[in-house]
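Structure first, then comments.
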C-alpha cells in the first residue's frame, strides 16, 4: 500500500511544523493536530494511510489514542499504519508492549525529517 495521506498528532509546534513541511514537500497530504482528543477524532473521521502519534500529548496520551484506534472496528482505522514518536523514556517491557502494536517506534531526538521520510517509504514497500 502506497502511503499518500498522513495524520500527524504532535503538540510541539516546532517539531510539528518541521515534519509537516518536509512531508508536504515530499508529496504527502498531511493533516496536523496538536492534542490527543483532536487527534483521535481526526483519525476516526477521515481515512489515513499513516498516523504519526506523539506519546506525551495534552488531553489524551498517545498510548491511549493507540488503544482506541487498535480497538476501533470502523472501516477507516484498521488499514492505517501507525508510527509512535517520543522522547519519553520507557522501560523495555513498556516499549516492547507498545512496539508490538505499531508499525514504527521512533525516538524524536534521533529522527530528522530525512529519516522520517525513509521510514515512511519503507512502510510503503
TODO: Arrange 114, 60 by Cβ neighbour counts within 10 Å, fewest through most, would you?
DONE: 114, 60
Task: GNM flexibility winner over the chain from 42, 96, 29 (Cα, springs under 10 Å) - done: 96
Task: Residue order, fewest to most surrounding Cβ atoms within 10 angstrom, among 86, 112 - done: 112, 86
Open item on the list: Mean-square fluctuation check for the chain, GNM, Cα pairs under 10 Å: which of 111, 20, 33 is largest?
Closed with: 111
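Where a ≥ b ≥ c are the square roots of the eigenvalues of the C-alpha gyration tensor, would you call the chain rounded, which needs a/c under 1.5, or, failing that, prolate if a/b is larger than b/c, or oblate?
rounded
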Task: Separation of the residue 106 and residue 125 label points, Cα + 7 Å toward Cβ, nm - done: 1.6
- [ ] Give the order of 53, 83 when sorted by the count of other beta carbons within 10 angstrom, beginning with the fewest.
- [x] 83, 53
Task: Of 36, 104, 62, the one that fluctuates the most in a GNM where the chain has Cα springs shorter than 10 Å - done: 104
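Any read-out appearing in this document is the output of simple, stated calculations on the displayed coordinates, not a laboratory observation. Quick caveat: nothing in here was measured; it's all calculated off a predicted structure. Positions of Cβ are backbone-derived with ideal geometry, glycine not excepted, and every protein chain shown enters the neighbour counts.
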